[in-house]
1. For the stretch 85-117, what are the residues that are closer than 20 Å to PHE54 by Cα, at pLDDT below 95 and of a type in the set (Gly, Ala, Ser)?
2. For the stretch 152-166, check the following and say yes or no: at least one residue is of a type outside the set (A, V, I, L, M, F, W, C), closer than 29 Å to MET43 by Cβ and modelled with pLDDT under 95.
3. Looking at the stretch 1-31 only, could you name the residues that are aromatic (Phe, Trp, Tyr) and either over 20 Å from ILE138 (Cβ atoms) or out of contact with any helix residue (DSSP H, G or I) (no Cβ under 7 Å at 6 or more places or on another chain) (or both)?
4. Of everything in the stretch 118-130, what is crowded, with 21+ Cβ neighbours inside 10 Å and not hydroxyl-bearing (Ser, Thr, Tyr)? Give them in sequence order.
5. Filter the stretch 32-57 for residues that are within 24 Å of VAL153 (Cα to Cα) and in contact with a helix residue (DSSP H, G or I) (Cβ under 8 Å, 6 or more places away or on another chain) and give the result.
6. Within the group VAL169, VAL113, which residue is crowded, with 21+ Cβ neighbours inside 10 Å and within 12 Å of the chain's Cα centre (by Cα)?
7. What single numbered condition from (1) surrounded by 16 or more Cβ atoms within 10 Å (Cβ to Cβ); (2) farther than 19 Å from PRO38 by Cα fails to hold for TYR63?
Amino acid sequence: MSFVLESGTFDALVFDCDGTLVDSAGAHLYSIQEALAPLGLTMPPEWYHPRHGFGPEDLLDAYEADFKVESLIRKDFYERVNDAYLAGVNLIQEIKVVADVARDWFGKVPMAVASNGVRKNVEATLIATRLRPLFYTIVTADDVKHAKPAPDVYIEAARRMRVKPERVVVFEDSDEGLEAARRAGMRSHDIRKVWSPVRSSQG
């Protein structure tokens with residue numbers, strides 16, 4: 001099964017990155033585990049995967065609350081996470097059924113990536129999977145005040161592409177992302193209806 005898009009019914013496409021264009025949940029969980037290890041902590045995969053659509057702050061807030069963990073020093077933690085993630089970025093694979101949509105529409109309509117991730121990681125992910133040339137516009141958590149499920153990244157992507165939000169079609173894999181698209185006034189495709197990841201014991 002694939003996605004059917006009718007020409008003329010939209011003016012732009014916007015893709016979430018992690019879990020939508022690429023299968024990177026395992027890499028993200030690995031980097032988090034590496035960052036938690038020096039603290040004697042771990043993050044259970046069964047807890048992480050339903051929350052992979054959370055922004056970094058929301059994810060850590062939930063982790064600290066659910067596991068009664070003393071507040072982490074966020075700056076140091078994120079630095080360790082980013083270092084571990086970038087070291088393993090070449091292990092990330094594209095999600096072909098979605099990446100093919102981007103390839104099919106490249107040059108026909110404006111396209112953007114809108115992610116809760118930090119720019120450095122999103123750029124590295126797209127470069128490693130050879131998808132970066134498809135997108136002129138990249139919006140990340142570094143560019144907006146509020147992460148998904150707030151609509152900020154999608155509204156900013158539409159603004160940069162000079163397209164009305166209601167003429168944008170979004171591809172997403174999380175409830176938070178779909179809510180963000182809805183609040184931005186955009187139509188959306190839930191890729192979970194056509195693709196699901198294979199989880200290893202690590203993530």
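The values are calculated or read from the model by the stated rules, or taken from the named source; none is laboratory data. Only a predicted model underlies this, so the values are computations on that prediction, with no experimental measurement involved. Note that we place each Cβ from the backbone using ideal geometry, even for glycine, and neighbour counts take in every protein chain shown.
1. Listed by number, the list holds a single entry, GLY117.
2. No - not one qualifying residue is present in the stretch 152-166.
3. Matches in the stretch 1-31: PHE3, TYR30.
4. Selection gives ASN121, VAL122, LEU126.
5. ILE32, TYR48, HIS49, ARG51, HIS52, GLY53, PHE54, GLY55, PRO56, GLU57
6. Among VAL169, VAL113, only VAL113 is crowded, with 21+ Cβ neighbours inside 10 Å and within 12 Å of the chain's Cα centre (by Cα).
7. That leaves (2) as the condition not met.
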